[in-house]
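The values are calculated or read from the model by the stated rules, or taken from the named source; none is laboratory data. All of these numbers come straight from a predicted model, not from anything done at the bench. All Cβ positions, glycine included, derive from the backbone under ideal geometry; neighbour counts span all protein chains shown. All accessible areas refer to the heavy atoms of the entire protein, side chains included, with ligands and DNA or RNA removed. Shrake-Rupley method; radii C 1.70, N 1.55, O 1.52, S 1.80 Å.
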Amino acid sequence: MLVLLALLASFSLIGSDLPRAWAWPLAAGVLLFGVRDARSYLREQALQLLVPAGLGVVQCDGVAVQDLRVAWRGPLAFLRWRGADRRIRRIVLWPDLLDAGARRELKLAMQRREAAAGSPSMAG
């Protein structure tokens with residue numbers, strides 16, 4: 001899809017009112033950038049995120065992470081955490097990457113973590 005979008009973008013540049021001296025080099029650049037971007041996307045490895053319920057240690061690719069936060073915007077999940085190197089990492093999980101069952105599982109795991117991390121209640 002990324003290559004197709006780059007191809008359509010280059011065609012739209014050629015079909016626009018830009019002078020030909022600008023349109024053709026820009027179209028070639030857009031196409032090359034799109035192919036390079038698609039290749040890097042295909043080489044990207046999937047993350048394995050382990051979110052245990054309760055106060056367990058969250059892991060990303062087997063490495064402990066801190067301060068995991070999840071924000072929901074409809075079906076999109078925005079994850080933010082601090083890795084072992086203290087750098088902040090962010091990812092966005094689209095519906096094609098996280099199906100309905102996995103979204104529900106992530107929501108439940110985060111609710112259990114928040115409940116376990118909260119202060120003890122009167123009944124507790």
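Here are the numbers:
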quantity	calculated
11 Å beta-carbon shell around Pro75, net charge (K/R +1, D/E -1)	0
Residue among Val35, Val92, Val63 with the largest mean-square fluctuation in a Gaussian network model of the chain, springs linking Cα atoms under 10 Å	Val35
Stretchable slack from Arg43 to Arg90, in nm (0.36 nm times residue separation minus alpha-carbon distance)	15.1 nm
Residue-normalised accessible area of the chain, expressed per residue, 1.4 Å probe, Å²	76
Helix runs (DSSP H) in the chain reaching 24 Å along axis by Cα, Kyte-Doolittle at least -0.5	20-43
Size of electric dipole in the chain: Cβ of Lys, Arg +1 and of Asp, Glu -1, about Cα centre, debye, nearest 20	300
Leading residue at positive end of dipole, the chain (Cβ point charges), from Ser16, Leu26, Met110	Met110
Where N is the number of residues in segment 24-63, Cα Rg divided by 2.2 N^0.38 Å	2.07
Carbon plus sulfur fraction of accessible area for segment 51-93, probe 1.4 Å, in percent	51
Alpha carbon convex hull of the chain, projected area averaged over orientations, nm²	11.3
